[in-house]
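K.L.:
Questions regarding the structure given below will be posed in turn.
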Amino acid sequence: MNNFLEHKAAVQRFFVVLAIIVLASVSVLNLPHRDEAGHSFEANQEKPELPAVSEPPQTVVAGLAPLRKHVVQSGETLSGIAEQYQLDIATLLAANDLSDDTLQIGQELTILPGKGVLHTVRSGDTLWEIARAYQADIPAIVVANGKKDDNAVLAEGEKLFIPGGRLPLRQASPVSRGTTSRFLWPTRGEITSPFGYRWGRLHSGIDIANDVGTPVRGAMAGKVTFSGWCDGYGKTVILEHGRGYSTLYGHLSQSVVQPGQYVEAGEVIAYMGNTGWSTGPHLHFEVRLNDQPLNPLQVLP
Ligand SMILES: [Zn+2]
């Protein structure tokens, strides 16, 4: 009996020791190992298989945010759909020309890729005017719609997503209003020399005289294509406005813009001066269409 009990205890000890050895070796195998450089790595680097995520197929061209469609199901509400796509209700209403939140089952809604508005291009629209009309950022519109640059030609009827765009207060007023009324006076002063031939040479702009340091403003929203010294013109800024229009500001005392910068209509871009071939402080202001100078008085209000 005693022998039997001792034998049983010995067997139990054997199994306890065996279990400790097995556990110890298993835990050693599973410890992260370190290589010579001290980087740790797992002995067994199998990763659990993730369940396949089914995403709706989207044709995403680089930079092009896809517009999606949502078909209204029974029981859905506008606020629910807005929440589902992380849009605000105003964005959803505007993108679908809805005036209230009444939905029909089966109705197809356009889902914008983010906050903003959808603009349907009208004849003659440019990205510049569209950006201005919706108080949006031109580079963001260029990227969101996969355009090459801000001068990209737009097709009538084309839908553009305007990221961050806000609806114009009076939606009735179209974006395009003819070319003439879009220019603003670039500065205040007296017109001392009109556009036209003078001493046998074309004076390709108008001269507006005032004190050195009088603010000079962009005559239209645009992109700065030049800011520097120009023979004859002295310190000069050139803005490009799309659709072939550009404006030039000469004899400046100081420019406060850099090439590539976007400016608003009426934004201060420079200060009047007397640099270059100039006989007194004035702004030499040119409007060009496809590089041909126009009489600025024909386009200024
Ligand atoms: Zn001049």
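K.L.:
Across the stretch 244-260, what is the number of residues that are open to solvent by less than 60 Å² (accessible area, probe 1.4 Å) and either in the same structural domain as Asp149 (by TED's automatic domain parsing) or not aliphatic (A, V, I, L, M) (or both)?
P.N.:
Here the count works out to 10.
K.L.:
Oh, and also: Which of the residues belonging to the stretch 138-153 are free of Cβ contacts under 8 Å to residues at least 40 places away in the same chain and either within 8 Å of the chain's Cα centre (by Cα) or open to solvent by 50 Å² or more (accessible area, probe 1.4 Å) (or both)?
P.N.:
Ala140, Ile141, Val142, Lys148, Asp149, Val153
K.L.:
Could you run through the stretch 256-287 and say how many residues are without any contact (Cβ under 8 Å) to a residue 40 or more places away in the chain and within 19 Å of Ile206 (Cα to Cα)?
P.N.:
Counting residues in the stretch 256-287 that are without any contact (Cβ under 8 Å) to a residue 40 or more places away in the chain and within 19 Å of Ile206 (Cα to Cα) gives 1.
K.L.:
Inspect all residues belonging to the stretch 196-211 and state whether any of them is away from the ligand (no atom under 16 Å from the Cβ) and under 20 Å from Asp137 (Cα atoms).
P.N.:
No, that holds for no residue.
K.L.:
Turning to a different aspect of this structure: If Leu289 meets every condition in (1) in contact with a Gly (Cβ under 6 Å, 6 or more places away or on another chain); (2) within 30 Å of Thr126 (Cα to Cα); (3) open to solvent by less than 40 Å² (accessible area, probe 1.4 Å) apart from one, which number is that one?
P.N.:
The number of the failed condition is (3).
K.L.:
Take Met220 and tell me if it is closer than 30 Å to Pro139 by Cα, in contact with a strand residue (DSSP E or B) (Cβ under 7 Å, 6 or more places away or on another chain), crowded, with 19+ Cβ neighbours inside 10 Å and modelled with pLDDT under 95.
P.N.:
yes
K.L.:
Continuing with this model, one more query. Could you list all residues from the stretch 263-280 that are open to solvent by 50 Å² or more (accessible area, probe 1.4 Å) and within 17 Å of Val216 (Cβ to Cβ)?
P.N.:
Matches in the stretch 263-280: Glu264, Glu267, Tyr271, Asn274.
K.L.:
Check the stretch 243-257 and report whether any residue there is farther than 20 Å from Ala133 by Cα and within 22 Å of the chain's Cα centre (by Cα).
P.N.:
Yes, there is a match, as at least one residue in the stretch 243-257 is farther than 20 Å from Ala133 by Cα and within 22 Å of the chain's Cα centre (by Cα).
K.L.:
Do you know which residues across the stretch 180-195 are within 16 Å of the ligand (Cβ to nearest atom), part of a loop (DSSP other than H, G, I, E, B) and open to solvent by 20 Å² or more (accessible area, probe 1.4 Å)?
P.N.:
Hits for the stretch 180-195 are Trp185, Gly189, Pro194, Phe195.
K.L.:
Go through the stretch 213-222 and give me each residue that's within 16 Å of the ligand (Cβ to nearest atom) and part of a loop (DSSP other than H, G, I, E, B).
P.N.:
Thr214, Ala219
K.L.:
Just one of Ile141, Ile105 is more than 30 Å from Ala219 (Cβ to Cβ) and β-branched (Val, Ile, Thr); which is it?
P.N.:
Answer to the check: Ile105.
K.L.:
So, one more: Inside the stretch 223-241, can you point out the residues that are away from the ligand (no atom under 16 Å from the Cβ) and either surrounded by 22 or more Cβ atoms within 10 Å (Cβ to Cβ) or over 11 Å from Arg288 (Cα atoms) (or both)?
P.N.:
Selection gives Lys223, Val224, Thr225, Phe226, Ser227, Gly228, Trp229, Leu239, His241.
The values are calculated or read from the model by the stated rules, or taken from the named source; none is laboratory data. Model, not experiment: these values are computed from the prediction. Neighbour counts are summed over all protein chains in view; Cβ atoms, including those assigned to glycine, are modelled from backbone coordinates with ideal geometry. These area figures cover heavy atoms from the full protein model, side chains too; ligands, DNA and RNA do not enter into them. Shrake-Rupley method; radii C 1.70, N 1.55, O 1.52, S 1.80 Å.
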